[in-house]
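The values are calculated or read from the model by the stated rules, or taken from the named source; none is laboratory data. None of the values given here were measured: they were computed from a predicted structure. Methodologically, a virtual Cβ is constructed for each residue, glycine included, from the backbone with ideal geometry; neighbour enumeration extends over all protein chains shown.
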Amino acid sequence: MDNFFNHTLKELHAVVEKMGAKSYRARQLSQWVYQRGVLDFHSMDNLPKALRSALADEFCFELPEVNEIVHSEDGSIKFGLLLNTGHLVETVLMPEKGRNTLCVSTQIGCKMACQFCVTGHIGFVRDLSVAEIIGQVMAVKQYAHNRRITNIVFMGMGEPLDNLENLMCALEIVQEAHGLDFSYRRVTVSTVGLLDGLRSIAPRKAQIAISLNASCEAGRSELMPINRIYPLHDIVAYVRSLKNMGRQRVTFEYVLIKGINDSPDDARALAELLAGVRCKINLIPYNASPHAIFQTPDEEAVNRFHSILLDRNFTALVRDSHAKDIGGGCGQLGMKYLEEKG
Ligand code: SAH
């Protein structure tokens, strides 16, 4: 049976009309499901009975099963969600001052093969469907009903822009005013910089975060093989060319790795590369894992790198990852798959 969570409101409009009902019924339906959390058509008592039955014949509400819940010392919660294909997806809820940010996955594994990322080491397993992406939001929403999710970041397992069609559909669903109603300002897509996909998203479909992780082409190609197809300079040129951004700024992420990209020279080269680009820079000290081939930089090196950027008037933050102690930090998701591989 067709999973309700695969569909945008636009599609639901067409469905209810085909069932002989007025299209505004789709908005009511969306309110029941996404705002009130009612997952039973027969309980939707402001819908005509015939429509309720027709919908129940057409759709099921299938959410991933909450298989494991792990609490971090910093208050974050990692959810191990089991899909109906037996695959496990990890989704992390991160409370921070006045916000509850949910880190959502878009693929199982990843094709990008970034050297520093656990998910990259798994290799690619498969894309998540729209329902599996929305299912992460809904499953956590149902579980953590006393904590409202305020922000969504597509920064979990996988490369969101490599699953573009499903991502676009999911962005539409989470932003639907009669549904989950997230403003695009509260939704971030993090990418290695697949420029074709980025052009479909920027500037107004979501906030953009781009993982740079290096300040020169050779260094980036070494860490992120995708740089051979979408080089650093093309990415920066693209961000420079963005118009109609209003107050919005692109975020550049830079994972600081000891002895690889964390020297003062690297910081100066990064500043030069980004000179005049309206952006924010998030510095993420490398998170190690049992499979790590790199090391976390010393605090001193992180602070030095940070000050070089601040001295040159960049907006730069050191973003210590949440949930590191439970394998839920940046680049740590999917460790179980590697354990199975041995
Ligand atoms: N594929 C997307 C989203 C997933 S990775 C992307 O690359 O942006 C989310 C962020 O975690 C990226 O900025 C990535 O560079 C960072 N990251 C990956 N592995 C990491 C690690 N071991 N330590 C710290 N950050 C890491």
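Numbers for the structure displayed
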{"item": "Leading residue by the ranking (surrounded by the fewest Cβ atoms within 10 Å (Cβ to Cβ)) among those in the range 271-307 that are more than 17 Å from Leu212 (Cα to Cα) and β-branched (Val, Ile, Thr)", "result": "Ile293"}
{"item": "Top-ranked residue of the range 323-342 - restricted to ones that are among the hydrophobic types (A, V, I, L, M, F, W, C) and part of a helix (DSSP H, G or I), ranked as nearest to the ligand (Cβ to nearest atom)", "result": "Met335"}
{"item": "Test: residue in the range 54-77 that is more than 26 Å from Cys103 (Cα to Cα), without any contact (Cβ under 8 Å) to a residue 24 or more places away in the chain and surrounded by 13 or more Cβ atoms within 10 Å (Cβ to Cβ)", "result": "yes"}
{"item": "Candidates Ala113, Ala21, Ala26, filtered to the one that is more than 16 Å from the chain's Cα centre (by Cα) and outside any loop (DSSP other than H, G, I, E, B)", "result": "Ala26"}
{"item": "Residue within the range 237-250 that is under 26 Å from Gly156 (Cβ atoms), more than 16 Å from the chain's Cα centre (by Cα), buried (at least 16 other Cβ atoms within 10 Å of the Cβ) and modelled with pLDDT of 95 or more present", "result": "yes"}
{"item": "Positions within the range 8-29 being under 16 Å from Ala54 (Cα atoms) and either buried (at least 18 other Cβ atoms within 10 Å of the Cβ) or assigned by TED's automatic domain parsing to the domain that holds Met168 (or both), in sequence order", "result": "Leu12, His13, Val15, Val16, Ala21, Arg25, Ala26, Leu29"}
{"item": "Single residue of Arg268, Arg319 found to be within 10 Å of the ligand (Cβ to nearest atom) and surrounded by fewer than 17 Cβ atoms within 10 Å (Cβ to Cβ)", "result": "Arg319"}
{"item": "Total residues in the range 191-203, condition in contact (Cβ under 8 Å) with a residue 40 or more places away in the chain and more than 10 Å from the ligand (Cβ to nearest atom)", "result": "5"}
{"item": "Residue ID - farthest from the chain's Cα centre (by Cα), chosen from residues in the range 184-211 that are of a type in the set (Lys, Arg) and more than 16 Å from Glu159 (Cβ to Cβ)", "result": "Arg204"}
{"item": "Some residue of the range 299-311 being assigned to a loop (DSSP other than H, G, I, E, B) and either in contact (Cβ under 8 Å) with a residue 24 or more places away in the chain or more than 9 Å from the ligand (Cβ to nearest atom) (or both)", "result": "no"}
{"item": "Complete set of residues in the range 149-173 that are of a type outside the set (Gly, Ala, Ser), within 9 Å of the chain's Cα centre (by Cα) and outside any helix (DSSP H, G or I)", "result": "Ile152, Val153, Phe154, Met155, Met157, Glu159"}
{"item": "Residue selected from the range 173-190 under the condition within 16 Å of the ligand (Cβ to nearest atom) and hydrophobic (A, V, I, L, M, F, W, C), by the criterion farthest from Gly246 (Cα to Cα)", "result": "Val189"}
{"item": "Within the range 204-260, tally of residues that are part of a loop (DSSP other than H, G, I, E, B), more than 11 Å from the ligand (Cβ to nearest atom) and free of Cβ contacts under 8 Å to residues at least 60 places away in the same chain", "result": "17"}
{"item": "Members of the range 139-168 that are surrounded by 22 or more Cβ atoms within 10 Å (Cβ to Cβ) and either away from the ligand (no atom under 16 Å from the Cβ) or assigned by TED's automatic domain parsing to the domain that holds Ser30 (or both)", "result": "Val140"}
